[in-house]
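The values are calculated or read from the model by the stated rules, or taken from the named source; none is laboratory data. Keep in mind that what you see is a predicted model, and the values were worked out from it rather than measured. Cβ placement follows ideal geometry from the backbone for every residue including glycine, while neighbour counts extend to all protein chains displayed.
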Amino acid sequence: MKKWFTLLSVMVLSVVLGACGSSDSASGSNGENTDKVVIGYFPNINHVAGMVAEEKELYEKTLPDGTEVSYKYFPDGSAFMTALETGEIQGGLVGPGPAMNHFTSGAEINVVAAGSTGGTVIMARKGSGIDSPEDLRGTTFVSPRVGCTHDVQFEAMMMREYGIKSSRIDGEMKHVTGKPATYAQLFASERVDVATVPEPWASKIEAEGHGKVLVDTKNVAFGETLPAAVFVTASDLVEKNPELVQNIVDAHMEATNFIKENPEKAKEIAISKIKDITQQELSKEVIDSAWERIDFTYKVKEENLQSFANASYELQFLKEKPDLSGLVDTSFIKK
């Protein structure tokens with residue numbers, strides 16, 4: 001039986017977001033007779049597979065005839081994981097940080113595929129006077145959530161390479177949180193000095209001149225090895241209805257292959273879906289820039305996630321060193 005841990009990050013993120021609403025998906029959504037499937041993802045470039053699958057109706061093609069498919073969009077991993085654990089969604093794309101944190105706190109979930117790698121960029125506000133990571137002592141940085149994937153990547157890099165820590169662990173940097181789509185405004189109003197930014201918002205900030213790249217993706221901690229998004233579902237669904245999970249993973253893999261084979265069409269879909277979800281229209285130039293920092297893949301390695309989880313422990317987001325044995329299930333990846 002999996003050992004339960006008390007997580008600092010879960011304590012901080014324990015507020016239930018009412019905006020998530022309720023769902024009329026089939027009760028017992030993790031059981032054997034699910035005839036309604038809800039897929040979740042974020043309006044980030046790392047989650048383009050979700051956008052493509054929705055636009056191309058790929059889940060409708062792979063799931064049994066008559067299955068009702070719908071989608072929910074999330075601002076952060078805490079809201080996504082709450083929806084997954086309560087059965088509001090049956091699966092979808094989320095950052096590895098929330099997935100690992102909830103798994104180690106007792107959530108019965110499985111990572112059944114990856115979504116992408118890369119895409120995290122560290123940026124400094126225009127006029128901040130910050131020219132290198134060594135200048136970050138005493139500044140304020142923003143991440144989507146405390147202990148989220150991008151937060152851990154940033155803080156791990158700063159602590160390991162520069163000896164600079166967040167004030168959360170008696171360090172020199174003040175930490176605030178906010179939605180990535182608002183980072184340009186936070187920079188413009190000088191409310192923050194530095195941001196750990198998922199694409200496409202880094203490229204948007206750069207294009208608008210609100211900030212500059214301080215550390216690019218390949219030099220951020222775990223920047224090219226860690227899945228920036230993983231596909232997660234409930235363990236109960238895996239156990240009771242593996243055929244349904246296989247159908248879901250098949251659609252996700254088809255979406256990923258479409259992105260790799262048709263990048264220009266996938267970019268058009270991303271621009272359209274992000275506008276629909278966030279009311280922000282990104283230029284083709286911004287998307288092109290973001291695309292260069294990301295690799296779309298459904299393959300996932302448990303050892304890469306374990307290394308990242310160990311970093312979360314080093315940063316005191318976790319009170320005990322985590323064991324991710326059983327989190328990743330690659331049996332549904334057939335290609």
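I'd like to check something: does the stretch 256-276 contain any residue that is more than 13 Å from ALA49 (Cβ to Cβ), among the hydroxyl-bearing types (Ser, Thr, Tyr) and modelled with pLDDT of 95 or more?
yes
Starting from the stretch 47-64, take each residue that is under 18 Å from ILE287 (Cβ atoms) and assigned by TED's automatic domain parsing to the domain that holds PHE296 and list its partners that are surrounded by fewer than 24 Cβ atoms within 10 Å (Cβ to Cβ) and polar (S, T, N, Q), counting only C-beta distances under 8 angstrom and pairs at least six apart or across chains.
What qualifies is GLU55/SER272.
Given the condition within 26 Å of HIS102 (Cα to Cα) and touching a His at 6+ places or on another chain (Cβ under 6 Å), answer yes or no: does some residue in the stretch 180-194 qualify?
No, because not a single residue in the stretch 180-194 is within 26 Å of HIS102 (Cα to Cα) and touching a His at 6+ places or on another chain (Cβ under 6 Å).
Which residues, counting only those in the stretch 133-150, are polar (S, T, N, Q) and modelled with pLDDT under 95?
THR149
Look through GLU292, GLU206, GLU285 and report the one residue that is charged (D, E, K, R) and either without any contact (Cβ under 8 Å) to a residue 40 or more places away in the chain or under 20 Å from LEU93 (Cβ atoms) (or both).
When all the criteria are applied, what remains is GLU292.
Does the stretch 256-265 contain at least one residue that is over 21 Å from THR117 (Cβ atoms), surrounded by 21 or more Cβ atoms within 10 Å (Cβ to Cβ) and in the same structural domain as ILE89 (by TED's automatic domain parsing)?
No, that holds for no residue.
Restricting the first residue to the stretch 170-184 and requiring it to be in contact (Cβ under 8 Å) with a residue 24 or more places away in the chain, which pairs with a second residue that is surrounded by fewer than 15 Cβ atoms within 10 Å (Cβ to Cβ) and basic (Lys, Arg) meet a Cβ separation below 6 Å and a spacing of at least six or different chains?
GLU172/ARG137
Among the residues of the stretch 287-327, count how many are surrounded by 23 or more Cβ atoms within 10 Å (Cβ to Cβ) and in a strand (DSSP E or B).
Adding up the residues that qualify gives 2.
Can you pull out the residues in the stretch 178-196 that are at pLDDT 95 or above, of a type outside the set (Gly, Ala, Ser) and not in a helix (DSSP H, G or I)?
Those that are at pLDDT 95 or above, of a type outside the set (Gly, Ala, Ser) and not in a helix (DSSP H, G or I): GLU190, ARG191, VAL192, ASP193, VAL194, THR196.
Condition check: in contact (Cβ under 8 Å) with a residue 40 or more places away in the chain, closer than 28 Å to GLU303 by Cα and buried (at least 24 other Cβ atoms within 10 Å of the Cβ). Does GLY106 satisfy that?
Criteria not met by GLY106.
Wholly within the stretch 92-158, which strands (runs of 3 or more DSSP E) include no fewer than the required count, namely at least 2 residues that are more than 27 Å from TYR73 (Cβ to Cβ)?
Here the list reads 120-125.
Quick grid of which residues meet (1) touching a Lys or Arg at 6+ places or on another chain (Cβ under 8 Å); (2) farther than 30 Å from GLU292 by Cα; (3) surrounded by fewer than 21 Cβ atoms within 10 Å (Cβ to Cβ):
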position: LYS36; (1), (2), (3): no, yes, yes
position: LYS56; (1), (2), (3): no, no, yes
position: GLY66; (1), (2), (3): no, yes, yes
position: TYR71; (1), (2), (3): no, no, yes
position: GLY77; (1), (2), (3): yes, no, no
position: LEU84; (1), (2), (3): no, yes, no
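If a residue has to be closer than 14 Å to THR104 by Cβ and over 20 Å from the mean Cα position of the chain (by Cα) to count, how many in the stretch 286-315 make the cut?
0
Here is a check on your reading of the model: is ALA124 in contact with a strand residue (DSSP E or B) (Cβ under 6 Å, 6 or more places away or on another chain), at pLDDT 95 or above and farther than 29 Å from LEU327 by Cα?
Yes; evaluated as a whole, the condition is true for this residue.
Restricting attention to the stretch 121-144, which residues are surrounded by 19 or more Cβ atoms within 10 Å (Cβ to Cβ) and of a type in the set (Ser, Thr, Tyr)?
Listed by number, the residues that qualify are SER128, THR140, SER143.
Considering the stretch 165-185 alone, what residues qualify as being within 12 Å of THR140 (Cβ to Cβ) and within 21 Å of the chain's Cα centre (by Cα)?
Correct list: HIS175, VAL176, THR177, GLY178.
Kindly establish whether SER166 is closer than 20 Å to THR104 by Cβ, outside the structural domain of ILE287 (by TED's automatic domain parsing) and touching a helix residue (DSSP H, G or I) at 6+ places or on another chain (Cβ under 9 Å).
So SER166 fails the test.
Within the stretch 210-268, can you find the residues that are over 27 Å from ALA83 (Cα atoms), part of a strand (DSSP E or B) and not β-branched (Val, Ile, Thr)?
Result: GLY211, LYS212, LEU214.
Has the stretch 184-203 got at least one residue that is of a type in the set (Gly, Ala, Ser) and more than 22 Å from GLY95 (Cα to Cα)?
yes
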